[in-house]
Each structure stands twice: as C-alpha cells, then as structure tokens.
Amino acid sequence: MRVMVFMKANADSEQGVMPTEEELTSMMAYNEELVKAGVMLDGDGLQPSSKGARVRFSGGKPSVVDGPFTETKELVAGYWLWQVKSFDEALEWAKRCPGGDDFELELRPLFEPADFGEAYTPEIQAQEERLRAQSAGRQP
Amino acid sequence: MATSDIHRTIDTVWRMESARVIAGLGRMVHDIGLAEDLAQDALVAALEQWPESGVPDKPGAWLMAIAKRRAIDHLRRQQRLERKQELLGHDLQTRTEPDLEDAFDDDIGDDLLRLIFTACHPVLSTEARVALTLRTLGGLKTDEIARAFLVPESTIAQRIVRAKRTLTKNDVRFELPVGDDRIERLSSVLEVIYLVFNEGYSATAGDDWLRPALCEDALRLGRILAELMPNEAEVHALVALMEIQASRTRARTSASGEPILLLDQDRTRWDRLLINRGLAALDRAQALGQPAGPYLLQAAIAACHARARTAEETDWARIAALYTALSQVTPSPVVELNRAVAVGMAYGPAPALELVDALGSEPALKNYHLLPSVRGDLLVKLQRHDEARAEFEHAASLTRNSRERDLLLARAASCAKHTSSA
C-alpha cells in the first residue's frame, strides 16, 4: 500500500529558516534508509506558505488568496510518498523520523484497487493468465 | 498499549528488520537455516519481553542485539564441544571472538546481498528459491506465502525446510559469488524476483489481495537490490521493467472486470509516478554502458509503450529492433512471435507474415493459439479473408478460455462475411 506522509509546518519552516547542517545530515540519512528499504517512492520539501496561494471557489467562481496563512500547525512543510506493507509499517518508519523536539507528521493511506473491490471478479485471474504471454502490441 | 497492539507492532518491526537480522546472523554462523532459527529466537524474546517492558526506542537494534547474543552463545557452545573433541585449539578462540563482536557493526549491505544470493542459489528449485526469498528477505510468514501462491501452508513449510537442508547438504557457504559464477548467480536472483512479480501481475483478483501484493513485494526486493548493486545494469533494468509494468495496473481491467489490452488502455490511468521511476531506472541501467541483457531490452520495449501518449504514437520500428536484439540474447519462439507483431505494426503485414510463417513448424508453438491468431490478424490486413477465417477457427480450437474463444469465432465469422460479400 501507499501512504502519503505530511511533515507539518512550524514557526521555523513558515519563516523560511533553513535547517542546520546537522539536521540536514540526519534527514538525509533517514531518507537513505527509506530508499534502501525500498520504501520511499517520492518526497520533497515545500516553501513557506508566504510563497504560496489558495484558490478558493465561491458560488462556482474562483478567487485567489495569497499566503502566508496563519494556522501554522495545519500547514504542510514537506511530504513523502511511501510504499509499505501495512499502515503499521508506515507508523514505524514515521516514528524513526529525525526532525527536532517538536514536530508532527500526518500519515494518510492512498486509495488502492482493493478499495474498489467489486470491479475485480475472481474470474479475471484466469483471463490474466492467458494474457501474460501475449504479443507485443497486446500485452495487458 | 494493549497487548494486541504490541503484538501488531512486533509483527511490523519483525517484517521490517528480519532480513537484516537474518543476514547479520548469516555472516556469523554461515548457515541460513541456523541464522533464521536464531533470528526467530530474538522474535520470541521480543514477544515475551515487550508486552512487559514496552516497545524499545530502537526496536531494530534491540532485535539485532538479542540475536547476536544468541549467535555468540551458540558458537561458544559449539566451540566448547569441538574443543572437548580436541578438534580446535586455543587459536580459534582468540581469532573468532573479535569477528563475532564486529559482525553487526560492519555494513549490513553485504550481508543482505549474501542472504539474497544464498536464498536464490541455483542448487535450489525455482519454487524453493521463491519461498526462501519471500520468507527471509520479504519478511513474509509461511501462511502468507502459501496464500499468495494458492498452496497449502504445509507445502510451503516443507519447501523451506527442504531448501535449507539442500543448502547445508551442498555446503553452500554464506558468501558472495565471484568470477564466472557471479553472472549465473545474479541471473538466478533476478529470475526469482521477476517470477514473484509475474505471479502477482497475472492475477488482479483474489479474496485477500495477497497475490497483487506480490507485485509490491517483488518491486521492493528489486529496489533494495538496486541499492545494493548500483553497478549492475540488469538489476536497474529489472526494476525499470517492473515499475513500468506496474504503472498499468489500474488500466488493465474494465469496470466489469474485463481485461483491457495494452493498445486499448486508457493511458490517463497509467501511474505517471511509476512510469517516471521506471524510465529513470532504465536511464541508470543504460548509463552503465554494459552490453544489453534481456531485462534491459524488455524494459526498453516497455518504455517505448510508456513514452507513447497514445497507442498511435508507439514507436513500432524501435520496438521491432529491440525484439530483434532480444531474440539474439534469448532466442525463443514467443519472442520471435512478438517481433513479428511489432514488425507488422511498423512495416506492414507482409514482412510480418514471413516471420510468422517461419515459426509454423516450431514445435513449442504447435498448440499456442496466439500463433494462428496473429497470423489471422495479418491475413485480414492483407485482405486474405478466407485464410484468415481458417486461422481464427484454428486459434479458437486451441484456446481453453471461453471468452477468448468467442472473440476468435466472432473474428472468423466476420472474415466469412467478407468472403461472401466479395
């Protein structure tokens, strides 16, 4: 399964304070562990909300609201996309995250084909077997 | 924390750490079976102690430490035993102890590689390699492997026991292969990973979704291997192939469960992230500048499809060239048939038909319904509807799948219509 992990913002990240060398090193080591374990699919850091904007729809009409936004703790400062065996595994990895004394991660599983279960009937299996070896233009 | 929560945490931590623990132990005791037994002891210790003491801050390190202690105990017992038999002298005691202490402090990467190469040793049957790999490296339990492969749990358990025995009997050392052996051993590893992937890819259905999960297990093993062997083009190529194939998962079946062929798939449903990862892995493979192996060529073919925004944009000339190269690296009538299809798409039905006709006497394809099916397709394009009808009917008689038979008979009937109206 895939889990999206949000690094929540704090006062420092919102003020654009760059991490110290030590913090960067430990975060890089952590990311390397994630890659080596085949867990990390993607990830990046986000600029402060002062650099961002919101597009709000009202009565079907969009309007742009420029950052910064005040509710710091609800903002996102970075994200990872992880491939894990279970949500518990994602929690275990999250617990190992370096990042200082006070910070918060939010973990959200993505929808999987299994979540749309009815569309997939058992007989597909047999169908797929035969399709495996099929020709170049016909590979499923 | 409730006991059930603790057990779930132990379960999860075990899945995450067991390969490293087994690999580290393997280096110490040089025996994969013994290493796994000792690792299991550490798991039992966690199950006994964590509900009382709570989960340690660094659960992985805790498991490692316990496992290491068990291994040292075991080796000391063995040494005492051997010393009693006066087979070993004082020398061994002083020489071995520091090695044991250091064993876990060194880079675990090489240990994991040793574990992969041992679990995928060619002395084992393919089935045994798959079971042992999923168990020791994938962290899957015996019952999970059994469910994934739709066989009884006892079968898998026996397979693993026998595999360990075979390794011991053949004196397979817990070592990295060197020299000429290395290429054969690596191809055995890649074969196991791709086999696990295909086992999952061939089945998008299943009661508990464990079979599709095999794709993820295989991908993960591949990604781990690519980190461990960054200079092997075929490893990156296998990852590329799997990433790109997996990118099509959502587009491969219709809402009603019908399989959708590649050229008919809604490409907006392809997973761009996996495609990009796959193309990046292929770039890494090609940048190594090694002679193109079978996985590199297959990944390059998959990449041609992945890069085409529409089916019409597909670079069939390149695909045909890649199949030509593939048929030289791994000659097979099925590859040759695929090449014929690509040639047909790139250069028209006439040259493709020549290739297909050359396969007519191939015994391996005698009962392969796709041969007459492809031939029929080409004949239709050449307006030879009478012959095409016969091919589709022949193909229909060879397939065991009723939906496909219906489709082939419908194509035969449409050929008949052409003939009568002509």
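If I go through the stretch A:47-86 residue by residue, how many of them are among the polar types (S, T, N, Q), touching a Gly at 6+ places or on another chain (Cβ under 9 Å) and either closer than 24 Å to B:L273 by Cβ or in contact (Cβ under 8 Å) with a residue 60 or more places away in the chain (or both)? Break it down stepwise before answering.
First pass over the stretch A:47-86, keeping only residues among the polar types (S, T, N, Q): A:47, A:49-50, A:58, A:63, A:70, A:72, A:83, A:86.
Adding the requirement that they be touching a Gly at 6+ places or on another chain (Cβ under 9 Å) leaves A:47, A:49-50, A:83.
If we keep only those that are either closer than 24 Å to B:L273 by Cβ or in contact (Cβ under 8 Å) with a residue 60 or more places away in the chain (or both) as well, we get A:47, A:83.
Within the stretch A:47-86, residues that are among the polar types (S, T, N, Q), touching a Gly at 6+ places or on another chain (Cβ under 9 Å) and either closer than 24 Å to B:L273 by Cβ or in contact (Cβ under 8 Å) with a residue 60 or more places away in the chain (or both) number 2.
Can you tell which of B:R309, B:R318 is away from chain A (no Cβ under 12 Å) and basic (K, R)? Steps first, please.
Numbers: B:R318 fails: away from chain A (no Cβ under 12 Å).
Result of the check over B:R309, B:R318: B:R309.
For every residue, the table says whether it meets (1) at pLDDT below 95; (2) touching a Leu at 6+ places or on another chain (Cβ under 6 Å); (3) aliphatic (A, V, I, L, M); (4) in a helix (DSSP H, G or I).
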| position | (1), (2), (3), (4) |
| --- | --- |
| B:Y295 | no, yes, no, yes |
| B:A299 | no, yes, yes, yes |
| B:C304 | no, no, no, yes |
| B:A321 | no, no, yes, yes |
| B:P331 | yes, no, no, no |
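Does the stretch B:135-149 hold any residues that are of a type outside the set (S, T, Y) and either under 17 Å from the mean Cα position of the chain (by Cα) or in a helix (DSSP H, G or I) (or both), and which are they?
Filtering the stretch B:135-149 for residues of a type outside the set (S, T, Y) gives B:135, B:137-141, B:143-149.
Within the stretch B:135-149, B:R135, B:L137, B:G138, B:G139, B:L140, B:D143, B:E144, B:I145, B:A146, B:R147, B:A148, B:F149 meet the criteria.
So which residues in the stretch A:68-111 are of a type in the set (D, E, K, R) and assigned to a strand (DSSP E or B)?
Step one: list which residues in the stretch A:68-111 are of a type in the set (D, E, K, R), which gives A:71, A:73-74, A:85, A:88-89, A:92, A:95-96, A:101-102, A:104, A:106, A:108.
Answer for the stretch A:68-111, where residues must be of a type in the set (D, E, K, R) and assigned to a strand (DSSP E or B): A:E106, A:R108.
Report the residue count in the stretch A:4-37 for those that are under 15 Å from the mean Cα position of the chain (by Cα) and touching a residue at least 12 places away in the same chain (Cβ under 8 Å). Spell out how you get there, then give the answer.
Going residue by residue through the stretch A:4-37, those that are under 15 Å from the mean Cα position of the chain (by Cα) are A:4-9, A:31, A:34-35.
Then drop every residue that is not touching a residue at least 12 places away in the same chain (Cβ under 8 Å), which leaves A:4-9, A:31, A:34.
Residues flagged as under 15 Å from the mean Cα position of the chain (by Cα) and touching a residue at least 12 places away in the same chain (Cβ under 8 Å) within the stretch A:4-37 amount to 8.
Could you check the stretch B:360-369 and list, in sequence order, the residues that are within 28 Å of the chain's Cα centre (by Cα) and under 17 Å from B:E387 (Cβ atoms)?
B:H369 - this is the single residue of the stretch B:360-369 that is within 28 Å of the chain's Cα centre (by Cα) and under 17 Å from B:E387 (Cβ atoms).
When you look at B:D386, is it without any contact (Cβ under 8 Å) to a residue 24 or more places away in the chain, away from every other protein chain (no Cβ under 11 Å), assigned to a helix (DSSP H, G or I) and surrounded by fewer than 15 Cβ atoms within 10 Å (Cβ to Cβ), yes or no? Write out each step before concluding.
Values: without any contact (Cβ under 8 Å) to a residue 24 or more places away in the chain: no; away from every other protein chain (no Cβ under 11 Å): yes; assigned to a helix (DSSP H, G or I): yes; surrounded by fewer than 15 Cβ atoms within 10 Å (Cβ to Cβ): yes.
No.
Among the listed residues B:D5, B:D37, B:D57, which satisfies the condition of being more than 26 Å from B:D171 (Cβ to Cβ), in a helix (DSSP H, G or I) and outside the structural domain of B:H121 (by TED's automatic domain parsing)?
Details: B:D37 fails: more than 26 Å from B:D171 (Cβ to Cβ); B:D57 fails: in a helix (DSSP H, G or I).
Exactly one residue qualifies, and that residue is B:D5.
Could you tell me which numbered condition B:R211 fails, if it satisfies all but one of (1) more than 12 Å from every other protein chain (Cβ to nearest Cβ); (2) modelled with pLDDT under 90?
(1)
Please go through the stretch B:2-15 and give me each residue that is in contact (Cβ under 8 Å) with a residue 12 or more places away in the chain, within 12 Å of chain A (Cβ to nearest Cβ) and surrounded by fewer than 22 Cβ atoms within 10 Å (Cβ to Cβ), ordered by number.
Quick first cut of the stretch B:2-15, residues in contact (Cβ under 8 Å) with a residue 12 or more places away in the chain only: B:3, B:6-7, B:9-10, B:13-15.
Retained after the next criterion (residues that are within 12 Å of chain A (Cβ to nearest Cβ)): B:6-7, B:9-10, B:13-15.
If the condition is that a residue be in contact (Cβ under 8 Å) with a residue 12 or more places away in the chain, within 12 Å of chain A (Cβ to nearest Cβ) and surrounded by fewer than 22 Cβ atoms within 10 Å (Cβ to Cβ), then B:I6, B:H7, B:T9, B:I10, B:W14, B:R15 are the ones that fit.
Any residue at all in the stretch B:241-255 that is touching a Ser or Thr at 6+ places or on another chain (Cβ under 8 Å), closer than 17 Å to A:R2 by Cα and surrounded by 17 or more Cβ atoms within 10 Å (Cβ to Cβ)? It would help to see each step written out before you state the result.
In the first step, residues of the stretch B:241-255 are kept if they are touching a Ser or Thr at 6+ places or on another chain (Cβ under 8 Å); the result is B:249, B:252-253.
If we keep only those that are closer than 17 Å to A:R2 by Cα too, we end up with B:249.
Adding the requirement that they be surrounded by 17 or more Cβ atoms within 10 Å (Cβ to Cβ) leaves B:249.
Yes; the residues of the stretch B:241-255 include at least one that is touching a Ser or Thr at 6+ places or on another chain (Cβ under 8 Å), closer than 17 Å to A:R2 by Cα and surrounded by 17 or more Cβ atoms within 10 Å (Cβ to Cβ).
In the list B:E153, B:E216, which residue meets the criterion of being in contact with a strand residue (DSSP E or B) (Cβ under 8 Å, 6 or more places away or on another chain) and modelled with pLDDT under 95?
The match here is B:E216.
The values are calculated or read from the model by the stated rules, or taken from the named source; none is laboratory data. As the structure is a prediction and not an experimental result, all values here were calculated from the model. Note: ideal-geometry Cβ built from the backbone for every residue, glycine included; neighbour counts use all protein chains shown.
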